[in-house]
Amino acid sequence: MEKLPQIGLPARILGLVLAILLAGLGAGFGFVQGMAVQVVILSAIATLALTVWAWRYVIGQFVETETIVADGPSPLRQAWMQYRWPLIGLALVLAAFLLLSLSIPGFFNIWNVLSLIILLAILVLTRTLGRQFQQNRSAFIGIMVLAGLFSVGSMNIEGFASGNNIKSMLLFASFLGIASIGQTLVALLGGLDLSIPFIIGGANVGLLYLIGLGVPPWLATIIVLLIGTIFGVINGLLSYRLQGQALIVTLGTGFAISGGVQIVTSIGSAYSGNVFGTVPPWLANISAMNGTTFGLPFPPVILVWALIALILIVGLRTTVYGRYLYALGVNRTSASRVMISEMRYWVIMYALSGFFAALTGGLLLGWSGGGFIGVGDQYLFLTLAAVVVGGTSLLGGAGGYGFTVIGVLVLQVLSSFLVGIGLDFKWQQFIFGLLILPMVALYARSPHIRTQI
Amino acid sequence: MSLPVTPQETPGAESAIVKVAEQGGRSNPFLLMPITLFFALLSIAVLRTPSLMTPSGIGAAIIVVTPLILATYTLMASTISGRGTVDLSVGPLIGFINVTMIQLHAGGVLENPIPVFLYCMAVGAAYQFIFALIVIFVRVQPIIVSLSGYLALSGINLVILPRPGGVAPPFMAEWGYGTSIFSPVLVILVLATVAWLLFTATAFYTHLRLMGSDERAAYTSGVPITIVRIGAHLISGCFAGLASICFTALISSGDPSQGTTYTLIAVTALVLGGASLAGGRGGVFGSALGALNLYMITFVLSSFNFGSVQSFVTNLAYGAILVISLLLTLLIPVIQRHIRNFSPLLYFVSLGVVVFGIALHATFDYTSLGEAPAYLPGPMDMQAALTKPLEIATLTPQTLALKAQAVPFVFFTILLAVLAVFLRLAFAQANRRSLGPAVAVVVAALVLGGAWVMHEGVSVPGTEAVR
């Protein structure tokens with residue numbers, strides 16, 4: 001971070017004043033035009049934050065770059081050599097836009113032009129500013145993509161920035177977010193947990209089954225969470241013992257858990273694999289769209305997710321447990337030399353993973369109201385995608401839950417955006433697949449083999 | 001920053017690898033588990049369902065299991081190249097080739113076998129080529145590339161063919177019947193296996209294994225790692241094309257989502273076959289056995305009637321067997337301490353003899369020897385429940401007499417086995433590591449014995465054991 005350009009105090013104050021002015025101007029126009037309050041507030045905050053950032057870094061860069069000495073090829077050629085690929089990319093994007101607007105009638109309107117400008121601005125900003133960040137580049141890029149997607153979405157799609165849509169996006173994001181906790185923690189150690197979707201499905205069915213048996217719902221929840229944790233402990237022990245096989249071990253236990261739960265729940269039941277029962281109102285309230293938190297109109301699961309995220313982010317950064325976790329992920333040999341019990345951390349992290357997977361299963365039961373073993377299936381690769389898009393390395397030791405939160409939000413906003421422009425599930429999946437690669441390639445490239453020797 | 005999973009990380013794996021290196025490539029103790037499992041499952045399957053051992057039974061099994069085996073080969077070829085390349089996109093890739101082939105055929109483009117084969121293998125190879133280029137030049141972890149490919153391909157498959165349907169090219173219409181053993185699908189499988197075995201004789205394969213076990217060492221010793229990686233992926237792509245052809249022959253139509261399920265099964269089969277997901281270890285023998293094992297698990301479980309929970313029991317068994325067989329690989333260093341030169345081939349042959357005997361026992365028509373077996377109705381007792389699967393028919397005194405006459409034959413077999421062990425010991429004493437002669441003796445004895453039994457059986461029925 002010492003390479004960060006510094007600007008003087010007056011310049012900073014000037015930037016802040018400018019930002020506030022711009023934000024106020026935007027808000028004023030918004031109110032005059034009678035737009036929704038959420039849109040106005042969000043755009044004002046976005047304007048403020050972006051302006052302050054831009055001022056801080058862009059101006060700073062210009063201040064610093066005065067010392068360039070021109071020798072060798074001419075400055076123009078130098079600039080061309082340096083920015084060859086970004087310029088070609090820009091030209092390609094512009095050409096694609098031109099082609100689209102020429103071929104599709106009605107494509108060339110003000111909103112699409114604005115979207116294009118925002119897209120280009122994000123590309124340029126990530127190229128120029130991304131390299132200022134040594135540590136948190138992925139978070140920066142993630143936030144930029146998030147801001148861009150959100151602004152483009154709210155301009156192009158009716159009701160994208162409405163309170164209801166934001167609420168539903170946050171609701172689904174919190175399911176994915178809670179499911180991804182385990183994956184993040186395990187990835188920090190250098191492992192993988194593919195049993196998460198199966199535990200989610202098992203908990204979903206098992207909880208309803210227990211409630212249907214007449215067990216009090218609170219007790220049933222505790223039992224399910226406990227069983228999830230025990231499965232996690234088993235996963236941890238197995239993957240610690242079978243080093244490097246975490247992918248396949250957790251997949252195996254996942255199969256076994258999913259099969260076992262279904263066998264247990266279908267004993268004495270005429271409907272194989274289908275469980276019927278009544279979800280208690282408090283559980284439904286926790287994760288339903290129309291749930292309320294202490295009288296406020298949003299489902300409590302969002303609050304739960306926010307609290308867990310806060311605890312995890314702070315805990316991973318400051319507590320000795322968190323630091324030990326990173327130490328183990330970076331270099332397990334040196335970590336065990338300083339008396340960090342490797343096995344304990346593997347078991348604890350996998351246990352937490354099982355716990356949160358079971359929790360997600362329970363919460364999804366509250367959301368859907370019916371048990372279904374396949375409810376977690378989409379989380380098999382989505383949790384992985386959220387972790388890698390956020391920027392946690394699957395090799396261990398780099399990243400954190402904060403990154404995963406950004407990854408989850410990016411995936412969720414992207415998915416809402418794609419739904420909004422009328423693409424169905426298959427196209428969403430296709431675009432997800434195509435986007436994961438460049439996003440990861442922006443920050444998670446490993447060095448060339450010749451630098452590793 | 002190091003490779004995803006370097007084998008040096010655990011003491012057990014390290015010692016195992018050192019041992020393997022000492023003994024050369026012939027002795028692969030990781031095949032111990034799949035071979036044992038295969039024969040255990042096979043004997044149970046034959047005892048439970050003797051009809052498996054008919055031409056149509058074997059033919060049907062081959063039709064069903066070949067796409068799976070080829071999918072596992074696809075995975076194997078790229079997994080050997082190291083860096084933790086577990087190609088999760090293999091299932092959707094098979095589906096992609098399947099649906100595009102069906103749609104192109106519907107458009108009247110692909111009619112003849114040769115264009116179809118070329119098209120499938122070219123598409124598979126092209127995809128894997130792009131995969132390799134991304135891994136090499138963008139330098140993203142392969143598992144992320146494959147995750148990306150999984151999502152993108154399984155999405156586009158549904159776009160190309162929204163629901164199962166379409167017709168396969170007419171020349172493969174009869175391939176999927178599985179009424180005889182020697183179907184074109186078997187030919188494809190054998191050709192693919194032989195191609196890989198020929199490939200293992202090349203220097204390129206040695207480079208590939210070196211790169212998979214230690215990429216840095218390969219680079220510093222001058223192996224062109226870029227070309228080797230691309231080559232491995234191209235081979236993998238060709239296998240994917242073949243897998244997709246067999247898959248199409250199996251279902252005789254297009255299916256956008258069925259192929260996707262092959263991903264998890266193929267990864268499981270690969271690991272069950274003793275390959276290392278970290279790279280550098282794996283082969284067609286193990287992969288085929290792994291895939292066969294998975295098929296046998298389903299087959300054996302389907303012969304027990306679990307009613308409505310059938311698929312759940314199958315899931316449970318998949319998971320449990322996978323985890324247990326992984327745990328048992330931890331025993332391999334212990335086993336190796338006692339058995340220095342484990343030969344998978346000898347082990348395979350000797351277990352094969354035993355299971356062949358079981359298969360003969362299960363499928364042999366004892367009723368032709370004597371009276372029809374008396375079926376004893378009555379309350380089920382524990383003894384009968386335990387022994388019933390092992391007994392096909394009650395034996396008449398006549399048969400028992402025949403059995404008594406067969407004693408010299410059994411004696412002869414034991415003598416042969418003793419001879420083999422003796423030869424084996426003699427070769428070991430002579431400080432030779434080759435087991436070839438001993439295996440050859442056993443195989444020759446088997447063939448001779450089998451021919452003799454058949455000959456006797458044809459000419460004079462009922463007097464097979466007379467010497």
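The values are calculated or read from the model by the stated rules, or taken from the named source; none is laboratory data. Being a predicted model, the structure only gives us computed values, none of them experimental. Neighbour counts are summed over all protein chains in view; Cβ atoms, including those assigned to glycine, are modelled from backbone coordinates with ideal geometry.
Residues to consider are A:P10, A:P5; find the one that is farther than 21 Å from A:I157 by Cβ, assigned to a helix (DSSP H, G or I) and at pLDDT below 75. Matching residue, one of A:P10, A:P5: A:P10.
The number of residues in the range B:79-105 that are in a helix (DSSP H, G or I), among the hydroxyl-bearing types (S, T, Y) and either touching a Ser or Thr at 6+ places or on another chain (Cβ under 7 Å) or not assigned by TED's automatic domain parsing to the domain that holds B:V159 (or both) comes to 1.
When A:L442 is tested against (1) buried (at least 22 other Cβ atoms within 10 Å of the Cβ); (2) in contact with a Ser or Thr (Cβ under 8 Å, 6 or more places away or on another chain); (3) under 18 Å from A:G148 (Cα atoms), just one condition goes unmet, and that condition is (1). What do you reckon, is A:G366 touching a residue at least 12 places away in the same chain (Cβ under 8 Å), out of contact with any strand residue (DSSP E or B) (no Cβ under 7 Å at 6 or more places or on another chain), under 29 Å from A:T221 (Cβ atoms) and part of a loop (DSSP other than H, G, I, E, B)? Considered against the rule, which asks whether it is touching a residue at least 12 places away in the same chain (Cβ under 8 Å), out of contact with any strand residue (DSSP E or B) (no Cβ under 7 Å at 6 or more places or on another chain), under 29 Å from A:T221 (Cβ atoms) and part of a loop (DSSP other than H, G, I, E, B), A:G366 comes out as no.
When B:S51 is tested against (1) modelled with pLDDT of 85 or more; (2) assigned to a helix (DSSP H, G or I); (3) among the small types (G, A, S), only condition (1) is not met.
Taking the criterion of being within 11 Å of another protein chain (Cβ to nearest Cβ), of a type outside the set (F, W, Y) and not in a helix (DSSP H, G or I), would at least one residue in the range B:311-318 satisfy it? No: zero hits.
If the condition is being closer than 18 Å to B:S89 by Cα and of a type in the set (G, A, S), then the range B:151-169 contributes B:A152, B:S154, B:G155. When A:T265 is tested against (1) within 14 Å of chain B (Cβ to nearest Cβ); (2) modelled with pLDDT of 75 or more; (3) farther than 12 Å from A:I373 by Cβ, just one condition goes unmet, and that condition is (3).
Here B:V334 meets each of (1) under 19 Å from A:Q245 (Cβ atoms); (2) surrounded by 20 or more Cβ atoms within 10 Å (Cβ to Cβ) with one exception, condition (2). Of all residues in the range B:322-342, those satisfying the criterion of being more than 8 Å from chain A (Cβ to nearest Cβ), part of a helix (DSSP H, G or I) and of a type outside the set (S, T, Y) are B:I324, B:L328, B:L331, B:I332, B:P333, B:V334, B:I335, B:Q336, B:R337, B:H338. Scanning the range A:333-363 for residues that are without any contact (Cβ under 8 Å) to a residue 24 or more places away in the chain and either touching a His at 6+ places or on another chain (Cβ under 9 Å) or assigned to a helix (DSSP H, G or I) (or both) yields A:T333, A:S334, A:A335, A:S336, A:R337, A:R344. The condition of being more than 25 Å from B:P256 (Cα to Cα), surrounded by 14 or more Cβ atoms within 10 Å (Cβ to Cβ) and assigned by TED's automatic domain parsing to the domain that holds B:G283 holds for only one of B:S183, B:S146, B:S154, that being B:S183. All of (1) buried (at least 21 other Cβ atoms within 10 Å of the Cβ); (2) away from chain B (no Cβ under 11 Å) hold for A:I340 with one exception: (1). When every residue of the range A:380-402 is checked against the conditions, at least one turns out to be out of contact with any Lys or Arg (no Cβ under 9 Å at 6 or more places or on another chain), surrounded by 18 or more Cβ atoms within 10 Å (Cβ to Cβ) and closer than 21 Å to B:V159 by Cα.
With B:P344, B:P377, B:P397 as the choices, which residue is under 20 Å from the mean Cα position of the chain (by Cα) and modelled with pLDDT under 80? B:P344 is the lone residue from the list that is under 20 Å from the mean Cα position of the chain (by Cα) and modelled with pLDDT under 80. How many residues, within the range B:271-310, are within 13 Å of chain A (Cβ to nearest Cβ) and assigned to a helix (DSSP H, G or I)? Selection size over the range B:271-310: 11. The C-beta contact set for the range A:318-332 (first residue within 14 Å of another protein chain (Cβ to nearest Cβ), second residue among the aromatic types (F, W, Y), distance under 8 angstrom, 6+ apart or interchain) comprises A:L328/A:Y345.
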